[in-house]
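Here is the structure we will look at.
The values are calculated or read from the model by the stated rules, or taken from the named source; none is laboratory data. Treat the numbers as computed from the prediction; the structure is a model and nothing was measured. Cβ coordinates were reconstructed from backbone atoms using ideal geometry, including for glycine residues, and neighbour counts include every protein chain displayed. SASA here: full protein model, heavy atoms, side chains in, ligands and nucleic acids out. Shrake-Rupley method; radii C 1.70, N 1.55, O 1.52, S 1.80 Å.
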Amino acid sequence: MQLYKNQQIKIYNSLTGKKEPFKSINEGYVGMYVCGPTVYSNVHLGNVRTFMSFDMVFRYLKHLGYKVRYVRNITDAGHLENDADVGEDKITKKARLEEIEPMEIVQRYTVDFHNVINTFNLLPPSIEPTATGHIIEQIELINAIIENGFGYVVNGSVYFDVHKYNETNDYGILSKRKLEDLIHNTRALDGQSDKKNPQDFALWKKAEPTHIMRWPSPWSDGFPGWHLECTAMSTKYLGNQFDIHGGGMDLKFPHHECEIAQNQAALGQFPVNYWMHANMLELNGARMSKSTGNIINPAELLSGKNNIMSKAYNPSVVRFFMMQSAYRSVLDLTDNGLLASEKGFNRLMNAVDDIEKLKTANQTSFDIQAWKQSCYDAMNDDFNTPILIANLFEGVNQVNAIKEGSKTITTEDLKTLKDVFNIFVFDILGLKNNQESGAGTEKLSGAVELLIKLRQEARANKDFALSDKIRDELAAVGITLNDSREGTTFTTN
């Protein structure tokens, strides 16, 4: 039996504002679309958190036995500088400033994006389509929207008629905004716009003579609107209606709202059953911003070459830090938080390593099946990774108790213990055991064992000052000595 048949997930649906039991459209299959990056600059840590959150969701659904088609796009055209359909295309602007081809910009930052997410151990999606690879599909959608009376052409550009759409549909159903409020809060048109109303958005923009990226269409040589690409790619690979659509909280309006409108207008169907939004990443209690200098990029965080953090951090420590917060919560990136996560991560990895050394007995002195189910219960509750991690540390306590001899475990339950840690720590949370391995471990162990022996000799000679100095100096570099009746062992922190 597939695990999903007896593990009921509840997902917080942004559309309804509540947790709902997850039921896929086709049993055993899940279609999930997540808005990917606009590749005009280096990926930032806020992006990393969003994609990491949906990587965790992808991993858990796969673990439960679902066949998941995970589509995450690359925006390589059409994303203008602001949501009012004015300004330059972000990629074109960067290409003009650097005096290179736009596709050179796309290639550079797509490679950067892949390098960064690979560093944080994200699985690749099932399909990673690009906006420029789906121009034909976008033109077909525009034609359907015009034919259905929700689009209009002005001077070679095509716009979505939000007011017309709102007569029979609810523009604002996802973001809970009312069109009347949007009208009230929108500045009057300056006479230079082709739109009927400021709330209308571009489906196709006629390219100015200086605009480099352009394609032929029935209306003009131009380029598609940013919102349109996700409608085209999601429906092409997942169908007119699919299970999960994800992205950052900042995309809920207008991007995702416009996607819903486009689907309804072109295809006559509500596109998605469950809308999921990952929340923002802050830095030291404030929004990350280049203008204020309150910003750190992934390379700076991992290398330690920055003026914000006290040291370099391992990618798995950063991932562990992010998984300690629910994906729907605002997360504050701080040095103290990362330091605490590093200690917790090392404690978790030490327990994973210690499982291999545990001795078995005739009975198990704790309810291992209840503990195992508690890990599933956490993930089933809207992918609650903080509770999962708390439950895993209950397992760490059991490992340490068995190691010390105060609790026991059978051979069969020891296998279960090991399997649960492997599933949730590595397969689902996506962590890596980055503690030193191979020859590095042997050298470290040899050096520490020599110091332990010297410390034992010092204690035998009543040279407690030297004994304490060895212990304290090792502790200062993250190596803790553990004295017991069986002898002295060490752990790395």
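Points to keep in mind about this one:
- Scanning region 300-328 for residues that are among the hydroxyl-bearing types (S, T, Y) and open to solvent by 50 Å² or more (accessible area, probe 1.4 Å) yields S303, S310.
- Scan region 281-334 for residues that are charged (D, E, K, R) and in contact (Cβ under 8 Å) with a residue 40 or more places away in the chain and the total you get is 4.
- Qualifying residue in region 20-33 (condition: of a type in the set (V, I, T) and open to solvent by less than 10 Å² (accessible area, probe 1.4 Å)): yes
- Top-ranked residue in region 123-177 [being acidic (D, E) and closer than 29 Å to R72 by Cβ; ranked as least open to solvent (accessible area, probe 1.4 Å)]: E137
- Count - residues of region 13-28 that are over 20 Å from K62 (Cβ atoms) and touching a Lys or Arg at 6+ places or on another chain (Cβ under 6 Å): 1
- Taking region 267-283 as the range and being open to solvent by 10 Å² or more (accessible area, probe 1.4 Å) and in contact with a strand residue (DSSP E or B) (Cβ under 9 Å, 6 or more places away or on another chain) as the test, the residues that pass are N273, Y274, N279, M280, L281, E282.
- Residue within region 218-239 that is open to solvent by 50 Å² or more (accessible area, probe 1.4 Å), in contact with a Pro (Cβ under 8 Å, 6 or more places away or on another chain), modelled with pLDDT under 95 and not small (G, A, S) present: no
- In a residue-by-residue description of region 66-76, the property of being open to solvent by 50 Å² or more (accessible area, probe 1.4 Å), within 15 Å of the chain's Cα centre (by Cα) and within 25 Å of P124 (Cβ to Cβ) applies to no position.
- Among the residues listed as S365, S374, the single one being in contact with an Asp or Glu (Cβ under 8 Å, 6 or more places away or on another chain), touching a residue at least 12 places away in the same chain (Cβ under 8 Å) and either of a type outside the set (K, R) or at positive phi (or both): S374
- Residue tally, condition at pLDDT 95 or above and either assigned to a loop (DSSP other than H, G, I, E, B) or under 13 Å from V396 (Cα atoms) (or both), over region 336-356: 12
- Filter result for P198 (modelled with pLDDT under 95 and either on the phi > 0 side of the Ramachandran plot or in a loop (DSSP other than H, G, I, E, B) (or both)): yes
- Qualifying position, being surrounded by fewer than 16 Cβ atoms within 10 Å (Cβ to Cβ) and over 22 Å from L61 (Cβ atoms), among K407, K359: K359
- Residue within region 106-124 that is farther than 29 Å from L302 by Cβ and of a type in the set (D, E) present: no
- The condition of being of a type in the set (F, W, Y) and open to solvent by less than 20 Å² (accessible area, probe 1.4 Å) holds for only one of F366, F345, F393, that being F345.
- Tally of residues being in contact with a strand residue (DSSP E or B) (Cβ under 7 Å, 6 or more places away or on another chain) and buried (at least 19 other Cβ atoms within 10 Å of the Cβ) across region 1-12: 2
- In region 12-37, the qualifying residues are those that are in contact (Cβ under 8 Å) with a residue 24 or more places away in the chain and among the β-branched types (V, I, T), and the one that is farthest from H114 (Cα to Cα) is I25.
- Condition met for A312 (in contact with a helix residue (DSSP H, G or I) (Cβ under 6 Å, 6 or more places away or on another chain) and closer than 16 Å to G46 by Cβ): no
- Any hit, region 249-266, residues being open to solvent by less than 50 Å² (accessible area, probe 1.4 Å) and free of Cβ contacts under 8 Å to residues at least 60 places away in the same chain: yes
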